[in-house]
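Contents: one structure, followed by commentary.
The values are calculated or read from the model by the stated rules, or taken from the named source; none is laboratory data. Treat the numbers as computed from the prediction; the structure is a model and nothing was measured. Neighbour counts are summed over all protein chains in view; Cβ atoms, including those assigned to glycine, are modelled from backbone coordinates with ideal geometry.
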Amino acid sequence: ADWAAAVDAVRQVPADGRVLLICHVNPDGDALGSMLGFGLGLRRLGVRRLQATFPGPPEVPEPFHGLPGLDLLVPATEAYPDPDLVVCFDAASASRLGDLVDRLDTAGTALVLDHHASNTRFGGIHLVDPAAAATSVVVEGLLDRLGVPLDAGIAECLYVALTTDTGSFRFEATTPAVHEMAARLLATGIRPGDISRRVFDHRPFGAVRLFGEVLGRARLEPPAAGGRGLVWTYATLDDLARHGQRPYVLEALIDSVRCTAEADVSCVVKQVAAEEWAVSLRSKGAVDVSRVAVALGGGGHRFAAGFTGRGTADEVVERIRGQLDDAVIGGGDQQEQRRVSVFPR
Ligand code: 5GP
Ligand code: MN
Ligand code: MN
């Protein structure tokens, strides 16, 4: 990682310079938390002309309404057209930036902070660490090198980002370093119980009922010879309308679907327009779902990936099925995972 160049890029912003922070479309906890946490850090450094934004409708999902630094957000249409510095968070490719992609060219300097192995190295200066559990790990490293101490506001943003991308410290990326970072964040006095309840364990009753309906139509396709067990479901715009829910409530759905014991791979197909679907893919380890997603025009991580699919939901799922065998990781230990014993070891 090019830490020195990144530190210089921030230090060289003139006193009245404009800094624009951007993150990927449909921002999740890592995208928003990393961006706003870094924004609060820049504010502490004295950067005054500072905006944060993301492509698409200027709507922050309710789970993130408590994030410190939300006052930095402006609608994408009002974002500085030619900032002195643009900093991009949690986006693996320029295509994830929607209409904001032009800022990579119009900005004096474009700094990219990310942790996707598939990062295309767009922009000018790259802090891309595929070993990092979240982009917020990279953000903490840069703030430290800029001499910005953690305060509770910054820490809460980075904590939301870290817990979102590690599944609250459950996923494989949860290294000792992740827990050490969490300890530094918690030492600022932030309240993990309150934060988790707001971000993860809080949804309108209408969304609970919507989940019931969508989970009720899940399909389990057991592993055929050489194949992979797949569990999937879909949600339409009509489902959302009938239950009076916003699209982002569906982001949590994959976490229920992926629990299915009989499936290696799980999938939720979420309608975003007449023939357009946002697809979430998860794997328990036997399949590299980022390969499936990349083959179908998207991206992500080995065990969590996504893409935009066109056509009907059935057509989208059929295309996923067609990619599963090519995405199986290595040999050998998969058999181990398949073995089922009634006796706990
Ligand atoms: P989620 O299923 O939570 O929306 O996304 C899981 C992972 O897949 C994220 O790390 C995200 O970077 C990636 N991802 C999701 N949707 C897309 C997409 O449409 N394009 C790309 N390139 N990556 C995606
Ligand atoms: Mn993300
Ligand atoms: Mn991330």
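The table below lists the values:
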read-out	value
Exclusive hit being crowded, with 19+ Cβ neighbours inside 10 Å and at positive phi, set 69, 46, 41, 37	69
Restricting segment 134-154 to residues that are surrounded by 24 or more Cβ atoms within 10 Å (Cβ to Cβ) and of a type outside the set (Asp, Glu), the residue that is farthest from residue 290 (Cα to Cα)	154
Hey, residue 319 modelled with pLDDT of 95 or more and either over 27 Å from residue 57 (Cβ atoms) or assigned to a loop (DSSP other than H, G, I, E, B) (or both) or not	yes
Matching residues, segment 92-113, being in contact with a helix residue (DSSP H, G or I) (Cβ under 6 Å, 6 or more places away or on another chain) and within 19 Å of residue 5 (Cβ to Cβ)	109, 110, 111, 113
Odd one out for residue 67, checked against (1) touching a helix residue (DSSP H, G or I) at 6+ places or on another chain (Cβ under 9 Å); (2) part of a loop (DSSP other than H, G, I, E, B); (3) away from ligand 3 (no atom under 16 Å from the Cβ)	(3)
Of all residues making up segment 186-209, the number that are in contact (Cβ under 8 Å) with a residue 40 or more places away in the chain and either buried (at least 17 other Cβ atoms within 10 Å of the Cβ) or within 21 Å of residue 90 (Cβ to Cβ) (or both)	5
Some residue of segment 251-265 being assigned by TED's automatic domain parsing to the domain that holds residue 314, free of Cβ contacts under 8 Å to residues at least 40 places away in the same chain and surrounded by 14 or more Cβ atoms within 10 Å (Cβ to Cβ)	yes
Test for residue 231: is it under 21 Å from residue 28 (Cβ atoms) and either touching a Lys or Arg at 6+ places or on another chain (Cβ under 8 Å) or touching a residue at least 24 places away in the same chain (Cβ under 8 Å) (or both)	no
Residues being of a type outside the set (Val, Ile, Thr), more than 16 Å from ligand 3 (Cβ to nearest atom) and assigned to a strand (DSSP E or B) - total across segment 85-103	1
Unmet requirement for residue 114, which otherwise passes all of (1) under 18 Å from residue 30 (Cα atoms); (2) touching a residue at least 12 places away in the same chain (Cβ under 8 Å); (3) acidic (Asp, Glu); (4) out of contact with any strand residue (DSSP E or B) (no Cβ under 7 Å at 6 or more places or on another chain)	(4)
Residue, surrounded by the fewest Cβ atoms within 10 Å (Cβ to Cβ), within segment 1-34, restricted to residues that are away from ligand 3 (no atom under 11 Å from the Cβ), touching a residue at least 60 places away in the same chain (Cβ under 8 Å) and assigned to a helix (DSSP H, G or I)	11
Positions within segment 7-34 being in contact with a Lys or Arg (Cβ under 8 Å, 6 or more places away or on another chain), more than 16 Å from ligand 2 (Cβ to nearest atom), within 24 Å of residue 102 (Cβ to Cβ) and among the hydrophobic types (A, V, I, L, M, F, W, C), in sequence order	19, 20
